[in-house]
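The values are calculated or read from the model by the stated rules, or taken from the named source; none is laboratory data. Computed from a prediction, not measured in an experiment: that's the story for all the values here. Neighbour counts are summed over all protein chains in view; Cβ atoms, including those assigned to glycine, are modelled from backbone coordinates with ideal geometry.
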């Protein structure tokens with residue numbers, strides 16, 4: 001494998017794009033941060049990942065090329081790279097995908113689930129982010145194997161962290177056995193979300209609710225989506241009833257969807273209580289790994305004066321798009337690829353393509369996935385970033401001391417790819433905290449650039465960290481890491497420290 005590039009990450013996993021040199025093709029490598037410590041867990045993952053590999057011939061299942069375990073027992077999958085992203089983008093697409101298009105995706109995925117269930121394999125985490133669009137605009141279900149990491153005996157609090165609660169059936173919260181009917185519920189909830197812009201019974205504007213609130217929410221009736229075909233809604237609602245045995249099987253759900261006679265008109269935008277059209281909020285699930293291609297039906301053709309005005313508007317839009325495309329191509333052309341890593345790993349499935357494990361403690365759950373940070377600009381701004389104050393007089397030019405707590409749940413790294421950290425509230429379980437930062441004047445394409453930077457090595461030290469701490473918090477064995485830009489608009493590095501897990505912030509003194 002070569003040309004590693006992080007393209008997406010979630011609460012428990014990070015997705016890398018890499019080039020498989022033997023076949024000169026791009027693939028997606030998904031590495032889960034949950035370690036499989038026992039032999040039973042490892043066997044179960046490899047068994048279900050192997051089943052996913054055997055099912056890869058199904059048109060509704062994303063092809064799995066390889067699976068295995070890293071040297072630190074983290075599981076990984078090597079999969080087909082789907083440039084169309086996931087259904088998450090469809091939830092906010094404008095224009096909306098047609099009801100017929102959404103139904104067709106449901107038929108395809110339901111057929112894939114039926115094939116999996118015949119082999120005794122459950123998915124357990126069907127959601128918009130796990131349905132990907134390939135290069136031919138076809139949908140496929142991903143993440144078989146990784147979804148199997150939820151053990152039936154796992155405590156409810158841990159099980160909820162390992163799934164996406166918005167798409168989980170009621171029996172998950174009742175700690176009842178999960179069956180094939182759970183996958184049917186989750187697929188119906190996914191189609192509902194694509195049509196409405198949000199998961200059923202879910203408020204996108206609030207934080208992840210407590211488990212008692214989740215359980216209570218399961219008793220609320222699911223509202224019909226205004227403007228969606230009644231028969232379509234009947235099929236979806238029937239697949240999301242509380243009693244699993246009253247739901248259809250995956251094969252029955254497929255046939256019920258296929259029998260619908262739906263219009264090709266675009267699905268309506270969700271309506272608020274006042275009946276006004278509102279923009280769709282983002283999903284509580286993962287972000288897609290690439291740009292999406294959504295189907296859209298052509299709008300009725302205008303006439304006369306309005307046609308001429310519309311054509312003029314389209315010409316302007318086309319010109320703007322063309323200019324933006326040229327800029328994008330130039331930017332891509334001027335970037336140099338990251339240094340080619342040479343990862344090594346042992347696998348329990350004779351895997352030969354696994355990335356090396358270079359991560360800190362496990363990343364905690366996040367309600368959404370964020371894409372990897374873009375390189376910092378070559379010419380960096382001179383303003384002090386938010387959350388920091390200028391401490392150049394004390395620590396050297398273009399150095400910023402943290403003026404408010406900034407904490408991180410964990411750091412993910414792969415070979416020489418710039419490390420990514422997962423942001424976390426400082427009053428929640430975290431591992432690292434930022435104490436100082438500094439301006440960068442170059443694009444960060446390799447972690448080794450930061451590791452060898454003389455200015456970074458001068459300010460990111462235990463001595464400077466301790467000088468900013470109260471005497472009772474000082475220690476000689478801090479673990480210090482260098483982080484490059486974590487967001488596209490950032491132009492600075494961070495120095496972070498940690499030693500074990502904490503649930504409160506360290507207090508750093510600032511100049512003055």
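Odds and ends about this structure:
- So residue 496, is it touching a strand residue (DSSP E or B) at 6+ places or on another chain (Cβ under 6 Å) and closer than 25 Å to residue 32 by Cα: yes
- Residue tally, condition under 24 Å from residue 249 (Cα atoms) and within 23 Å of the chain's Cα centre (by Cα), over region 87-109: 6
- Residues that are more than 20 Å from residue 117 (Cβ to Cβ) and part of a loop (DSSP other than H, G, I, E, B) within region 57-83 comprise 70, 71, 72, 73, 74, 81, 82, 83, listed in sequence order.
- Hey, residue 471 in the same structural domain as residue 459 (by TED's automatic domain parsing) and surrounded by fewer than 16 Cβ atoms within 10 Å (Cβ to Cβ) or not: yes
- Screening residue 476 on (1) loosely packed, with under 13 Cβ neighbours inside 10 Å; (2) touching a strand residue (DSSP E or B) at 6+ places or on another chain (Cβ under 6 Å) shows it passes everything except condition (2).
- Helices (runs of 4 or more DSSP H) fully within region 407-512 that include at least 2 residues being closer than 30 Å to residue 4 by Cα: 447-451, 454-459.
- Residue within region 31-44 that is under 20 Å from residue 134 (Cβ atoms) and in the same structural domain as residue 140 (by TED's automatic domain parsing) present: no
- Taking strands (runs of 3 or more DSSP E) as the structural unit, no element lying wholly within region 1-56 holds at least 3 residues that are free of Cβ contacts under 8 Å to residues at least 12 places away in the same chain.
- Any pair with Cβ under 8 angstrom, 6 or more apart, that starts in region 430-448 at a residue that is without any contact (Cβ under 8 Å) to a residue 40 or more places away in the chain and assigned by TED's automatic domain parsing to the domain that holds residue 483 and ends at one that is surrounded by fewer than 23 Cβ atoms within 10 Å (Cβ to Cβ) and not in a strand (DSSP E or B): 447/416
- On inspection, residue 483 qualifies as surrounded by 20 or more Cβ atoms within 10 Å (Cβ to Cβ) and in contact with a helix residue (DSSP H, G or I) (Cβ under 9 Å, 6 or more places away or on another chain).
- Pair list, Cβ < 6 Å and 6+ apart or interchain, from region 501-512 residues that are within 13 Å of residue 432 (Cα to Cα) to residues that are in a loop (DSSP other than H, G, I, E, B): 501/429; 503/429; 505/405; 505/426
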